[in-house]
Amino acid sequence: MRDNKSGIVIVVLISLVLVLGGLVAYSFLVKPAITGYAVNAQTQGVQYAIYSIMKEAAKCQSVPLTFGNQTMNIIAIECLQNQQQTPENSG
């Protein structure tokens with residue numbers, strides 16, 4: 001009887017060590033890799049969005065940006081400066 005109980009205790013202890021080892025490995029190895037990938041993908045998305053806005057604004061067309069219930073129209077300042085310098089608008 002005693003050998004059977006000690007065998008069960010050893011199996012339970014080994015199982016706990018393996019589970020804890022797996023959790024530690026996940027916390028220090030796997031999770032940072034997944035988080036790093038997600039942050040990198042998010043950064044690329046933000047960069048693409050900014051690039052798209054800049055590209056449209058450079059066409060001298062108003063680009064509406066909406067967040068919640070607020071909207072702002074963006075246009076490149078060079079477009080406004082060019083409009084002021086044309087002879088049609090002066091005089």
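Each reported figure results from applying straightforward, stated rules to the coordinates on display, with no laboratory input. Everything quoted here is computed from the prediction, not taken from an experiment. In this analysis, Cβ positions are derived from the backbone assuming ideal geometry, glycine residues included, and neighbour counts consider all displayed protein chains.
Considering only S27, Q47, V63, the residue lying farthest towards the positive end of the dipole of the chain is S27, judged by Cα position with unit charges set on Cβ. Taking a span of 27 Å or more along the helix axis (Cα atoms) and a mean Kyte-Doolittle hydropathy of at least 1.0 as the rule, the DSSP H helices of the chain that qualify are 2-25. Taking a ≥ b ≥ c as the square roots of the eigenvalues of the Cα gyration tensor of the chain, is the shape rounded (a/c under 1.5), prolate (a/b larger than b/c) or oblate? Since a/c reaches 1.5 and a/b is larger than b/c, the shape of the chain is classed as prolate. Spin-label pair S6-K55: with each label point 7 Å from Cα along the Cα-Cβ axis, the two points sit 7.3 nm from one another. Only the Cβ atoms of Lys and Arg (+1) and of Asp and Glu (-1) were treated as charged; on that basis the dipole of the chain about its Cα centre amounts to roughly 580 debye.
Taking +1 at the Cβ of each Lys and Arg and -1 at the Cβ of each Asp and Glu, which of G7, N82, Y37 sits farthest along the dipole of the chain towards its positive end, judged by Cα position relative to the Cα centre? Toward the positive end, the furthest listed residue is G7.
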